[in-house]
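We did not get these values from a lab; they are worked out from the coordinates using the rules stated. This structure is a prediction, so every number in the text was calculated from the model and none was measured. Positions of Cβ are generated from backbone atoms using ideal geometry, with glycine treated the same way; all protein chains shown enter the neighbour counts.
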Amino acid sequence: MSGDGTVGKACDVLDQVASFGRPARFGELQAQSPFPKATLYRFLQTLTNQGMLSYDSEHQTYTPGMRLVRLAHSAWTQSSLAPIARPYLDELSEALGETVHLAQLDSSQVLYVDKRNAKDPVEMYSQAGKVGPAYCTGVGKAMMAFLPEEALQKAITLQSFHRFTPTTLGSEDELRCELANIRTRGYAFDREEHEPGIVCVAVPILTPNGRMLGALSVTGPTSRTSLKQLEIWAPRIQETASSIGQEAQAWRFPETRQQKVVSL
């Protein structure tokens, strides 16, 4: 539960409604809520009145509201790398033929902000808009490896280290050792650490001055590819990530006239 007062609690309720992935009844929400019945109902009413939730009186269910859709669209265009990266993802996907992911960090988790399916797609967890663990995904490790130490420590303390597969990293020590190797190598692997039969190579998206913005990965099933094959493509993926980072630098962190004068 959030420690940020009323606003934080309201956001917790929004997260809870969204987590169902379908219309949710009050009783279902109450069963999972840390709030008393009256408090939960008050939050739901307020959020519905503000358009953040939508209430279906016929079925007595709550869903995320259209105001959230408008905000999500604004966030997608203003805060995510997706609009900038779109043509680069298209080109990379066409060239390599496997699944391409674009991701950013959402607190301590991976948020998949865009995806291109393989020419012969296979079912996997990742979808645009979904969140996943950072410590056992290629994109998550690629991003964490290039965080400043203070931000990295915070992210590590929030990892669950649940073992999804036999190859999942299970401790902070294992993760830090892996991150050190990634910094040296310049790219990360997912060795079936989140999903059995799914491997990937991932690279960080950095601005020219080293600010970490996100990560790019190429993913495939072990039934038709291998880490050795994916690693061959690492330079190509790094080239694409570099292009995205350079364009994002100009868009998100433009150098103003005043900044130019100060730097002289």
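In terms of other Cβ atoms within 10 Å, SER33, SER223 run from fewest to most in the order SER223, SER33.
Derived scalar couplings between HN and Hα for the stretch 163-177 equal 8, 6, 9, x, 9, 5, 5, x, 7, 4, 4, 4, 5, 5, 4 Hz in order, rounded to whole Hz, by the Karplus curve 6.51 cos²θ - 1.76 cosθ + 1.60 (θ = phi - 60°), x for Gly and Pro.
Rg over Rh for the stretch 106-148 works out to 1.01, both radii taken from alpha-carbon positions and Rh defined as the Kirkwood radius.
What separates the Cα centres of the stretch 6-30 and the stretch 41-86 is a distance of 12 Å. Between THR184 and ARG22, the FRET efficiency from the beta-carbon distance, with R0 = 41 Å, is close to 0.40. Scaled against 2.2 N^0.38 Å for its residue count N, the alpha carbon radius of gyration of the stretch 51-131 is 1.36. Over the chain, dividing the summed -39,500 (n - 2.57) contributions of all DSSP H runs of at least 4 residues by the number of residues returns a 222 nm mean residue ellipticity of -14500 deg cm²/dmol. Magnitude of the charge dipole for the chain, about its Cα centre and with charges confined to Cβ atoms of Lys, Arg (+1) and Asp, Glu (-1), is about 500 debye.
Remark on THR61: its backbone amide H falls under 5 Å from those of ASP56, a criterion applied only to residues 5 or more positions apart or on other chains, H modelled at 1.01 Å from N. Here the 3J(HN,Hα) profile of the stretch 142-154, calculated from phi with Karplus coefficients 6.51, -1.76 and 1.60 at θ = phi - 60°, is 4, 6, 4, 4, 10, 7, x, 4, 4, 5, 5, 4, 5 Hz, Gly and Pro shown as x. Measuring against 27 Å, Cα to Cα, the residue pairs LYS9/LYS154; LYS115/LYS141; LYS119/LYS154 contain LYS119/LYS154 as the ones spanning a longer distance. Ranking of GLU98, GLU247, GLU149 by neighbouring Cβ atoms within 10 Å, starting from the fewest: GLU149, GLU247, GLU98. Label positions at GLN153 and SER226, each projected 7 Å from the Cα along the C-beta direction, are separated by 4.2 nm. Note that the stretch 180-192 has calculated 3J(HN,Hα) couplings of 4, 5, 5, 4, 5, 7, x, 8, 10, 10, 10, 9, 6 Hz, one per residue in order, obtained from phi through the Karplus relation 6.51 cos²θ - 1.76 cosθ + 1.60 (θ = phi - 60°); glycine and proline are x. Peptides 189-196, 134-141, 52-59 ordered by packing proxy, namely the average of other Cβ atoms within 10 Å per residue, highest first: 134-141, 189-196, 52-59. Within the stretch 5-70, the ratio Rg/Rh, alpha carbon atoms throughout and Rh by Kirkwood, equals 0.92. A Förster radius of 41 Å combined with the Cβ-Cβ distance from ASN49 to ARG211 puts the calculated FRET efficiency at roughly 0.55.
As a ratio to 2.2 N^0.38 Å, the alpha-carbon radius of gyration computed for the chain takes the value 1.11.
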